[in-house]
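The values are calculated or read from the model by the stated rules, or taken from the named source; none is laboratory data. Please read all numbers here as calculations on a predicted model, not as lab measurements. Note: ideal-geometry Cβ built from the backbone for every residue, glycine included; neighbour counts use all protein chains shown. Side chains are part of the model used for accessible areas, which takes the heavy atoms of the whole protein and leaves out ligands, DNA and RNA. Shrake-Rupley method; radii C 1.70, N 1.55, O 1.52, S 1.80 Å.
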Amino acid sequence: NNRLTRGGPLTMVPRSWSMNVQVTTDPRRVIALSPEVSLSGDASGANSQNVGLSMEMRPTSFVNLSIGPSWGVQHATGQYVTRISDALATATFGGRYVFANLSQTTLAMETRLDWTFTPDLSLQLYAQPFVSSGKYSSFKQLRAPRTYSFDVYGHGAGTIAHDASGYTIDPDGAGAAPSFAIGDPNFNVRSLHGDAVLRWEYRPGSTLFVVWQQQRDGFEPIGDFSLNRDVGAIFRAQPTNVFLVKFAYWIGE
């Protein structure tokens, strides 16, 4: 792998496996479903489980509603954190490449509504709420290039201490290597993106578009996932609203 260290030494890639199962019902029906499950893992103990559902509803010829909730849980054993320059880290060319385990949970739901009132007037609505949490643990450094081996701080390699500002790491304990500090990388990200587009072709070739966009974003360095707390925080975030109007007039011959 030439990317895991973000431009540093090459690393090995643990052998891995993955499986994906998807079932689709008859798309000609009023309601069409497509559930999907995917699983993966590798020899280092990393794994992921993802579940999704695509549901499309057409109650009439002029209304189309699609909803796509998804839920994923991932556990990584080699999540890159940072690089610390240290001339004593000769095995990795003067830099300590810090990694950690990362446990991440993500929930999202993509929703789209297309409503055609007349051949000349239609409304499109789109919304995607998204929440994801990530908790870091077992901070460690790459042991040598072309391996997937690590020295874990506090467990056979140096010491690590945690406080409100982050972590203080001494990579070799009582040795000569200097200690260093890193911020707490835990995260809870919440967002909501929504669009509404009204299209009116008031005469052939001449169209009026009225657009409303809303974006809500939030971040907290918590690390654990709570459905009520994290989903509720989306709607407590300060929204950014954008309104656009586009007017096109066709000048005929």
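Counting only protein heavy atoms and a 1.4 Å probe, the chain has 59 square angstrom of accessible area per residue.
Every Cα-Cα pair of region 1-127 was included, and the share exceeding 23 Å stands at 57 percent. Calculation over all alpha carbon pairs of region 62-203 in 10 angstrom steps from 0 returns a P(r) of 10, 28, 19, 14, 12, 10, 6, 1, 0 percent. Extents of the chain, largest first, come to 81, 43, 38 Å (Cα atoms, principal axes, whole angstrom).
Computed from Cα atoms, the angle from the helix 227-236 axis to the main principal axis of the chain rounds to 60 degrees. One chain, two ends: Thr116 and Arg146. Fully extended at 0.36 nm per residue, the span grows by 5.0 nm beyond their Cα-Cα distance. The accessible area of Met55, taken with all protein chains in place and a 1.4 Å probe, comes to roughly 50 Å². One chain, two ends: Phe62 and Ser226. Fully extended at 0.36 nm per residue, the span grows by 55.2 nm beyond their Cα-Cα distance.
Other residues lying with their Cβ under 13 Å from the Cβ of Arg58 contribute a combined charge of 0, Lys and Arg counting +1, Asp and Glu -1. Taking the charge dipole of the chain about its Cα centre, with +1 at Lys and Arg Cβ atoms and -1 at Asp and Glu Cβ atoms, the residue from Ser16, Ser85, Gln213 reaching farthest to the positive side is Ser16.
Overall, the accessible surface of region 1-153 at a probe of 1.4 angstrom is composed of carbon and sulfur to the extent of 57 percent.
Hey, what D do you get for region 21-69 in µm²/s if you plug the Kirkwood alpha-carbon radius into Stokes-Einstein at 37 °C and 0.692 mPa s?
262
Our summary gives region 66-112 a relative contact order of 53 percent, counting only alpha carbon pairs under 8 angstrom and 6 or more residues apart.
Summing Cβ point charges (Lys, Arg +1; Asp, Glu -1) relative to the Cα centre of region 1-153 gives a dipole of roughly 620 debye. Our summary gives the chain a relative contact order of 13 percent, counting only alpha carbon pairs under 8 angstrom and 6 or more residues apart. Across region 153-253, the mean sequence separation of Cα contacts (distance under 8 Å, 6 or more residues apart), normalised by length, yields a relative contact order of 23 percent. Going 7 Å from the Cα of Arg28 along its beta-carbon direction, which residues of region 53-75 have the amide nitrogen within less than 18 Å of the resulting point? Those under the cut-off are 56-61. The share of alpha-carbon pairs in region 134-253 lying farther apart than 19 Å comes to 69%.
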